[in-house]
Structures are given as structure tokens and as C-alpha cells.
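The block underneath contains the structure these notes are about, expressed in C-alpha cells.
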Amino acid sequence: MENLKFLKDVKGAIFDLDGVIVDTAKYHYKAWKRLANELGFEFTEKDNERLKGVSRFESLDILLEIGGLYFSEELKQAVAKVKNDWYVQYISAINESELLKGAREYLVFLRKKGVKIALGSASKNSKIIIDNLRIENLFDVIIDGNKITKSKPDPEIFLLGAKGLELKPSECVVFEDAYAGIEAAKGGGIYAVGIGSKDDLPNADLNIKGLYELLA
Ligand code: BG6
Ligand code: MG
């Protein structure tokens, strides 16, 4: 298949974290739901889909819109901190058992082939997660929410990843589970593998269920 041929010759791979390497989306959901409930409204798993790949403050804006609430900037800062404190408490206990199927194995496989690897995650908490999962040594470059000025779907995060790997965008591949993340990759001229169905991620160059499929 033409698509798999591209992956075979790629020089650099840039990975989103939440939903691609580790199943942290459930903890983001738990914390956002707790916040919504305390603010007096419901927040469903379907609502949560809209927050995938979206930065913390943009996520809060969507949540408040769902609840029909309008907060000042100051109050938004305060509630975003409350949500993040809960989230950090949840993820402080995660370990290697929460790595998604095939994630570590695929990273190791790429390294053995000499493919350079970057992280491209919107999360400002990526360091705690990577440390807890003990996978820091598998990345050459880490670009996270602390290093970017524009959120996905802006391509900045992945262009910084490619630059960090000293490669052209066209020599890299991005692995993403969020629509906004695939848009970011495509906008940067990078081949995009979507972890998710063609229905959810119609903009991806290739759709797979998980990284384990690429090890077969
Ligand atoms: C992304 C998640 O990886 O990181 C989003 O998909 C999340 O759901 C975003 O909002 C920011 O994360 P954090 O950890 O900085 O609040
Ligand atoms: Mg993600």
C-alpha cells in the first residue's frame, strides 16, 4: 500500500501524547466533568470529544459555553487551576500499564530503524506523564504546551518538532487522535496518521486503530 510505503521510508516521527501514547483523555474528562458538576451542569463524554487536542483555556471556554456561563478572565484562570490541580492529582498515579497498546514497542521499533522521534503535545503536563511512564529516553525532542504560542490546528507545534529533529516537514510523519491535530499536521505539510476512524478523522492520510497495527 502506498501509504505504508511512506511510513517505511520516513526519517522523523512526531507523536501526540494524550490518546496516542497514553490513555489520559479519561482523566481530563473526569476533571472537566467534576468542574462542570460543581458549577451546576452536566458534561457528557460526547461533549468531551470537543476538547481533544484543544488547549486548557480553549477547553474551558467550550465547557463554559456548554454550561451557558460567562466568566471574567480572572475567574477563568482560577477555575482552570482547580481543574488542572485535580487532573495532576489523577495523573500523578499513572504508570506503564496505561500506555496504549503497541505504543512503547512502536517507539522502540522506530528508534532501532534510526527514525528520529519528537513529542508534539499541547499538554503543559507532558513531563509528569512521560516521567511516570518511563519513556523519556525514547524521544529526541520534546515540544509541549509550554513551548508553543499557538494551539492546534495551527501547525506551529509540529513545525517546531520537525525543526528540533533537523528535518523537513515532508520527511516526517505525525501521529494524532484529534481532528485539530490532523489539521495542524496537514497545515504544516506533514503526512498525518490518524488514530481513529475515517468518520472521526476524515482529514488523515491514513487511519489506524492504534500504533499496534503498525507492528504487525
Ligand atoms: C491535549 C489534550 O493533549 O492537551 C487536551 O488532548 C488538553 O484534552 C490539552 O486540554 C492541554 O492539556 P493540559 O495538560 O496542559 O491541561
Ligand atoms: Mg491527543
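Once you sort the root eigenvalues of the Cα gyration tensor of the chain as a ≥ b ≥ c, which label holds: rounded (a/c under 1.5), prolate (a/b larger than b/c) or oblate (the other case)?
Cα axes put the chain in the prolate bin.
Please report, as a whole percent, how much of the solvent-accessible surface of the chain comes from carbon and sulfur atoms (probe radius 1.4 Å).
On the chain, the fraction of accessible area on carbon and sulfur atoms equals 52 percent.
Reported to two decimal places, what Rg/Rh ratio describes segment 44-144 when computed on Cα atoms with Rh from the Kirkwood expression?
1.05
With the other protein chains left in place, how much accessible area per residue, in square angstrom, belongs to the chain at a 1.4 angstrom probe?
Per residue, the chain has 49 Å² of solvent-accessible surface.
If you take the square roots of the eigenvalues of the alpha-carbon gyration tensor of segment 107-216 and sort them as a ≥ b ≥ c, do you get rounded (a/c under 1.5), prolate (a/b over b/c) or oblate?
The shape class here is rounded.
For segment 25-72, which trypsin sites (Lys or Arg not before Pro) are both in a DSSP coil and crowded by at most 10 other Cβ atoms within 10 Å?
none
Based on alpha-carbon centroids, what's the gap between segment 127-157 and segment 1-45 in Å, whole number please?
The distance from the Cα centre of segment 127-157 to that of segment 1-45 comes to 13 Å.
Any chance you could list the semi-axes, whole Å, largest first, of the equivalent ellipsoid that the Cα gyration tensor gives for segment 114-157, using √(5λ)?
Semi-axes, largest first: 19, 14, 6 Å.
The values are calculated or read from the model by the stated rules, or taken from the named source; none is laboratory data. Every value quoted in this text rests on a predicted model; they were computed, and no experiment measured them. Please note: Cβ atoms are built from the backbone with ideal geometry, for glycine as well, and neighbour counts cover all protein chains shown. Accessible surface is based on the protein model in full, side chains and every heavy atom, while ligands, DNA and RNA are left aside. Shrake-Rupley method; radii C 1.70, N 1.55, O 1.52, S 1.80 Å.
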